[in-house]
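Asker: The structure that follows is given in the form of structure tokens.
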Amino acid sequence: MKIRTGFVSNSSSSSFTIVMTKDQEQVWFDSMNVYEKQLIENSYIQREQHKLDTIEVAVYAGSQGDYSFYEEFNPERIDDDSELSDDELADKYGFDEFRAWAIWEKVQLKLPKNIVDIDVDM
């Protein structure tokens with residue numbers, strides 16, 4: 001098991017736990033676009049609230065790699081994007097492709113600094 005700050009992925013399959021304060025979580029959500037929020041809210045990623053000493057924290061857990069929490073996630077297009085192709089949507093939102101894995105890559109980049117990420121290689 002590895003404990004690091006920041007988001008880590010260095011194996012074909014890994015489980016992760018991300019711990020952040022409620023303030024960090026709000027900054028993270030405020031930085032996301034509609035498709036990134038859909039991924040976090042509507043996929044199999046698990047979110048729990050805990051209290052560490054006097055600090056309320058959000059804990060996210062999932063896996064990525066061969067089978068991932070986002071594997072069965074299909075983004076639901078918003079009305080403004082209904083006429084755009086997948087390539088046009090990817091360009092509009094800065095994704096490599098309009099697919100769940102590419103959306104997750106962007107979400108990871110927006111994680112706040114100084115979070116705790118526990119990455120368990122499988």
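Asker: Using the count of nearby Cβ atoms within 10 Å as a rough guide to exposure, how do Arg77, Arg47 rank from fewest to most?
Answerer: Arg47, Arg77
Asker: Another question, then. Between the stretch 37-73 and the stretch 76-106, how many Å separate their Cα centres?
Answerer: 21
Asker: Can you count the Lys pairs in the stretch 2-114 whose Cα atoms are under 26 Å apart, with each pair 8 or more apart or on different chains?
Answerer: The number of close lysine pairs in the stretch 2-114 is 20.
Asker: Follow-up question, since we're still on this one. Give the Kirkwood hydrodynamic radius (Å, one decimal) of the stretch 2-114, defined as one over the mean of 1/r across all pairs of different Cα atoms.
Answerer: Hydrodynamic radius (Kirkwood, Cα only) of the stretch 2-114 equals 15.0 Å.
Read-outs: derived from the displayed coordinates by stated rules, not from any lab. Since we're looking at a predicted model, the values are computed, not measured. Cβ sites come from the backbone with ideal geometry, for glycine too, and all protein chains shown count toward neighbours.
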